[in-house]
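Asker: Before we start, here is the structure in question, set down as structure tokens.
All of the numbers you see were taken from the coordinates with simple rules; none came from a lab. Owing to the predicted nature of the structure, the values given are computational and were not obtained by experimental measurement. Backbone-built Cβ (ideal geometry, glycine too); neighbour counts: all protein chains shown.
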Amino acid sequence: MNPAFAHSSGSDLPSSTRPVRRELADLLKRLQPGQRIRITQTVAINTRRRWNTTVEGVFRGVNYLVTGLATERVPEDDIVVVTVHFTKDNGELSSVTLDDNSQVELISAQ
């Protein structure tokens, strides 16, 4: 199991504000650093245009990005999203935050 999820159970991901699809949560829990992954997301502009974009790289880890205002607010105003960290083929360290339509695939196990 991925060490980042040592205290999670079922399909939940700790600290994520919105539920993550069970199959995606299960895959994220199993991923280990060094495995090759492919992430596909849908980019949308208004309601008129949308397209898929895909990126591949070597998995480094998963953690959470807390978004919100920089002023003193109630904790319910914060949004916490799952973030996947990986290294692209050109050596660039990159991260992608996941949304409801994100797809992550395991390409190779090292």
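Asker: So, counting K/R as plus one and D/E as minus one, what does the shell of residues with Cβ under 14 Å around residue 88 add up to?
Answerer: 0
Asker: Shifting gears a bit: To the nearest 0.05, what FRET efficiency results for residue 79 and residue 23 with a Förster distance of 30 Å applied to their C-beta separation?
Answerer: Efficiency, from the Cβ-Cβ distance: 0.85.
Asker: Now for a separate question. Considering the zone a paramagnetic label at residue 54 would reach in this model (a point 7 Å from Cα along the Cα-to-Cβ line), which residues of the stretch 77-108 have amide N under 11 Å from it?
Answerer: 105
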